[in-house]
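Worksheet: one structure, shown below.
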Protein chains: 2
Amino acid sequence: MNIGILGLGLIGGSLGFDLRSQGHHVLGVSRRESTCQKAVALGSVDQASLDMSLLATTEVVFICTPIALIVPQFEQMIAYLSPTTVVTDVGSVKAPIVKAISPLWDHFVGGHPMAGITDSGIEAAHRHLFVGKPYVLTPDATTATAAINVVEEIVRSLGANIYHCQPEQHDRAVSWISHLPVMVSSSLIAACISETDPDVLQLAQKLASSGFRDTSRVGGGNPELGVMMAQYNRQALLRSLQQYRHNLDELTNLIEQEKWTDLEEKLTATGKARPDFVE
Amino acid sequence: MNIGILGLGLIGGSLGFDLRSQGHHVLGVSRRESTCQKAVALGSVDQASLDMSLLATTEVVFICTPIALIVPQFEQMIAYLSPTTVVTDVGSVKAPIVKAISPLWDHFVGGHPMAGITDSGIEAAHRHLFVGKPYVLTPDATTATAAINVVEEIVRSLGANIYHCQPEQHDRAVSWISHLPVMVSSSLIAACISETDPDVLQLAQKLASSGFRDTSRVGGGNPELGVMMAQYNRQALLRSLQQYRHNLDELTNLIEQEKWTDLEEKLTATGKARPDFVE
């Protein structure tokens, strides 16, 4: 197949490697000439261009741009595509994207590979990035069945685990396990540095070990990514934050009222629930 | 020196290994006969007994029991000690312990080695546990200088990094970097499992990856330890929780009001502050 990749970063570049190794002809489009050259030199794509017309012969296109560009780039791109070209994206929030693109393109299937790593860019792209990772697809009632089948087959060939759900369900799920943790974790760091006794602050910095390291990790991550999550998944995230605040207040009240048995029950319950998420 | 260890768990047992290898004569006391036998068989102590009178000849005693037992065990023990015996403890909260013991024993130096690992018990004890780890000492104005010097010398010989501070400063510092993270992290798990759509909950469980894993880790830990922290460090922890709630509300309000530039500034600030704690 001729497969297009619009946006040659970590995800787009890694997709290219795997698709080429399966014998597909991969055509890449980037906004930067230097990225095009790198992608070809590394062997991630067969051809690359700044010009979207390169995608005219593709049967499938993966949109792998930053989330803010997915809809505008799609709108630019459709002028070059045949109406049966299957289009999918890899954006980490799905409802606003599906809502914008689905009415315009019945061969569009929203997608989200959960394969993020800390590094980014074409230099970080590598083979087998998606093996054993979740890959969510969010077709809706108007999506052409043929399009779903094509995307599913490609995703399966990457070795990813496919999950189907509604875009809104996806966004609520990732608000719990991906976007809420960023805000929870960032607030932890913000609280610690608000300590007004410089001796205590310095001591806290010296004594911090693995517990603080792990709990604060995602709150110390890429701020642009954090803002993007909040912007695109605002409603679900606010709902999660409200629920979280309620649970935090419950724990605080138990400590305030010295209800140690109840506190132990709560901590036991969260300890028991965690393996369902992480194992 | 004759050194006593009261409580032969991970910390007490590990201390024994290091002190013996330096040529000290180590005398262990445990509440369980089987632990006494294991400690001797493993080579962590020279002699062990259920009977505190074994400690009569010691020049220094480390109290390494669970925190709730430190003060009552000390009160039982003093009948057997000479008044110049140096006593120190390894409890993870310092103010209540120092407040109780200091008036009774001017050769008492509060201590807290930050060398916890997930495992516990004499079976988990091992050599060099304290190397490169922080070890806080909290003598007060009434503590005999000779006692401080003796404890410092031993702690230095373990390879630990010594910090001195007031007991209250220690407790505030650990409430930020150790006790608050447990409550923050447990509340994250509690919030996630409150999701009422079973499809969304299941999806969240399937999609959770390293971000959720790290942020939820300490909230899924030993519930008894969590309750102990809250009980013994209640005041400092409540203060930290109150400040944390304020920082969480600030972030939530920025998202609510779509103040994206301000949100990016906050996330940037926490990203910049984190390395002071973890590097």
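Peptide B:194-200 has a mean of 5 when you count, residue by residue, the C-beta atoms of other protein chains within 10 Å of its C-beta.
Restricting to bridges with both residues inside chain B, how much of the DSSP beta-bridge set is antiparallel, in percent to the nearest 5?
Rounded to the nearest five, the antiparallel share is 10 percent.
The calculated 222 nm mean residue ellipticity attributable to helices in chain A amounts to -15500 deg cm²/dmol, summing -39500 (n - 2.57) over DSSP H runs of n ≥ 4 and dividing by all residues.
In summary, the lysines within cross-link reach of B:K259, defined as a Cα separation below 28 angstrom excluding same-chain residues under 8 places away, comprise A:K94, A:K99, B:K272. Nearest to the axis that brings chain A onto chain B is this chain A residue, judged by its Cβ, with the distance in whole Å: A:D214, 2. Residues whose amide H falls under 5 Å from that of A:N161, counting only those 5 or more places apart or on a different chain, are A:G132, A:K133, A:Y135, with hydrogens built in the peptide plane. Using only the alpha-carbon atoms, how far is helix B:223-232 inclined from the longest principal axis of chain B? Give it as 0 to 90 degrees, nearest 10. That helix lies at roughly 80 degrees to the long axis.
Karplus-derived 3J(HN,Hα) values for the range A:206-216, using 6.51 cos²θ - 1.76 cosθ + 1.60 with θ = phi - 60°, are 6, 8, 4, 9, 4, x, 5, 4, 5, 5, 9 Hz; glycine and proline are entered as x. Label position 7 Å from Cα toward Cβ: report the copy-to-copy distances for B:A269 in nm, one decimal, ordered from shortest. Distances between equivalent label points, in nm: 3.4.
Counting from the shortest, the label point at A:T145, 7 Å from Cα toward Cβ, is 9.0 nm from the same position in each remaining copy. Within the protein assembly as shown, antiparallel bridges make up roughly 10 percent of the DSSP beta bridges whose residues both belong there.
Packing-based ranking of B:152-165, A:93-106 yields A:93-106, B:152-165, ordered from highest to lowest mean Cβ neighbour count within 10 Å.
Peptide A:127-136 shows a mean partner chain C-beta count of 1 within 10 Å per residue C-beta. Peptide B:168-176 has a mean shielding of 6, counted as Cβ atoms of other protein chains within 10 Å of each residue's Cβ. Between B:T145 and B:W260, the modelled label-to-label distance comes to 6.4 nm, taking each label 7 Å out from Cα in the direction of the beta carbon. For B:L104, the label point sits 7 Å beyond Cα toward Cβ; its separations from the matching points on the remaining copies run 7.6 nm, from shortest to longest. Between 0 and 90 degrees, the angle of helix B:180-192 with respect to the longest Cα principal axis of chain B falls at about 40 degrees.
The phi torsions of the range A:17-24, fed into the Karplus equation with coefficients 6.51, -1.76 and 1.60 and a -60° offset, translate into couplings of 4, 5, 5, 5, 5, 8, x, 6 Hz, rounded to whole numbers, with Gly and Pro shown as x.
Throughout, read-outs are computed from the coordinates displayed, never taken from laboratory work. This structure is a prediction, so every number in the text was calculated from the model and none was measured. Every residue, glycine as well, gets a Cβ built from its backbone with ideal geometry; the counts of neighbours run over all protein chains shown.
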